[in-house]
């Protein structure tokens, strides 16, 4: 649906204003969609992001600072989120061998299983996923344009 219809805007928007509003609207729409889809798994978007980051670095773990630097939403309280994931058995914390003040976090087998279950549900990469109507070339072009937008 066109942005103007979604926002019930009757006046035409300037191109750059429309682009900024469309990015903001789409980001909010994606966040709501992801929140709804992760709810049955007991995860929030930032928790899911942490599990994906740790899964990508497996078997090597990461410090909380390294996780935070890779987060989509860097304002998240990563220490608190990691602790919730630890209590749920989805991540493990190990003291660093050289610096006892530093903690290394790695994904647990339960965390890997949960990510696998989420992937099997196909709501991120499946036919009904956000952006699934885009061709491969359109998806690449959109990614390129968004990279350029942030420059």
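A simple spin-label model places pseudo-atoms 7 Å from Cα toward Cβ; at residue 66 and residue 6 they are separated by 3.6 nm.
Rounded to the nearest 10 degrees, the angle from helix 136-149 to the longest Cα principal axis of the chain is 90 degrees.
Of the options [x] 44, 18, 12; [y] 34, 18, 14; [z] 33, 14, 13, only one is semi-axes √(5λ) of the Cα gyration tensor in Å as computed from these coordinates, and that is [y].
Under a Gaussian network description of the chain, with springs only between Cα atoms under 10 Å, the residue in 40, 12, 59 that fluctuates furthest is 12. Hydrodynamic analysis of the range 2-68 uses the Kirkwood radius over alpha carbon pairs. Inserted into Stokes-Einstein at 4 °C and 1.567 mPa s, it gives a translational diffusion coefficient of 88 µm²/s.
Taking only the alpha carbons of the range 1-41, we obtain Rg and Dmax values of 13.0, 42 Å in that order. For the chain, the longest principal axis of the alpha carbon atoms and the long axis of helix 15-38 meet at an angle near 40°. By other beta-carbon atoms within 10 Å, ranking 151, 109 with the fewest at the front produces 151, 109. Dividing the summed -39500 (n - 2.57) terms of all DSSP H runs of n ≥ 4 by the residue count of the chain sets its mean residue ellipticity at 222 nm at -17500 deg cm²/dmol.
Give me the angle, in degrees from 0 to 90, between the Cα long axis of helix 45-57 and the longest principal axis of the Cα atoms of the chain, rounded to the nearest 10. That helix lies at roughly 60 degrees to the long axis. Inter-label distance, residue 95 to residue 20: 5.1 nm, where each label sits 7 Å from its Cα along the C-beta direction. When both the range 1-73 and the range 101-151 are represented by their alpha-carbon centers, they are found 10 Å apart.
Read-outs: derived from the displayed coordinates by stated rules, not from any lab. The structure displayed is predicted, hence computed values, not measured ones. With ideal geometry, Cβ positions are generated from the backbone for all residues, glycine too; neighbour counts draw on all protein chains shown.
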